[in-house]
Amino acid sequence: MPSEGFLQRWSRLKAEPVAPAPVEVVPAPPAAPVAEPQADVALPTLADAAALDAASDYSAFVGRGVDASVRRLAMKKLFADPHFNVKDGLDIYMGDYNIASPVSEAMLASMSHARNIFARIDDALTPDAADAASPLAGPPAAGEMPPLPPPDDDLSAASPALQADDQAEKLSL
């Protein structure tokens, strides 16, 4: 249908019922039998956990049937190794941010250019009072804004046409 537009095709496809795709059922492989702790294998004790070092095999201490206190002591021994006590530097909350670090003299000296930038901006934004009051001051230079006239709070200086419109509105109310 080459004459069919995008929205017409979309509407037609939304209106047509969608046939579900056939699903292939693959039988699951048979589960391997779970090896249960045998009665003849001795479970580790607190004495075994106390004798652990960094090169020991800890797998016997995390198996099923091991007493929780024995497992806890083995894990304490494992994570007491300095290898696991390395900070990654990604923890942003580990520093003490209450102590302010002073700015060094070298850094202050390198920031002296900033004072010049701000002084130039202040000079550009605050024109001299004599230049602003003088009628012969001329047009402002490129990039400068002309001084704004003082606000006029006297409404009598408004144009006569505006005054007539205001009076007409008052009368219509």
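Tabulated values for the structure
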item	result
Boolean, Ala54 is in contact (Cβ under 8 Å) with a residue 24 or more places away in the chain, in contact with an Asp or Glu (Cβ under 6 Å, 6 or more places away or on another chain), surrounded by 10 or more Cβ atoms within 10 Å (Cβ to Cβ) and not polar (S, T, N, Q)	yes
Enumeration of residues in region 11-32 that are among the charged types (D, E, K, R) and either within 44 Å of the chain's Cα centre (by Cα) or open to solvent by 100 Å² or more (accessible area, probe 1.4 Å) (or both)	Arg12, Lys14, Glu24
Selection within region 94-105 - at pLDDT 75 or above and either among the β-branched types (Val, Ile, Thr) or open to solvent by 80 Å² or more (accessible area, probe 1.4 Å) (or both)	Asn98, Ile99, Ala100, Ser101, Pro102, Val103, Glu105
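The values are calculated or read from the model by the stated rules, or taken from the named source; none is laboratory data. Keep in mind the model is a prediction, meaning the values are calculated, not measured. As a convention, Cβ positions derive from the backbone with ideal geometry for all residues, glycine included, and neighbour counts pool all protein chains shown. Accessible surface areas use protein heavy atoms only, side chains included; no ligands, DNA or RNA. Shrake-Rupley method; radii C 1.70, N 1.55, O 1.52, S 1.80 Å.
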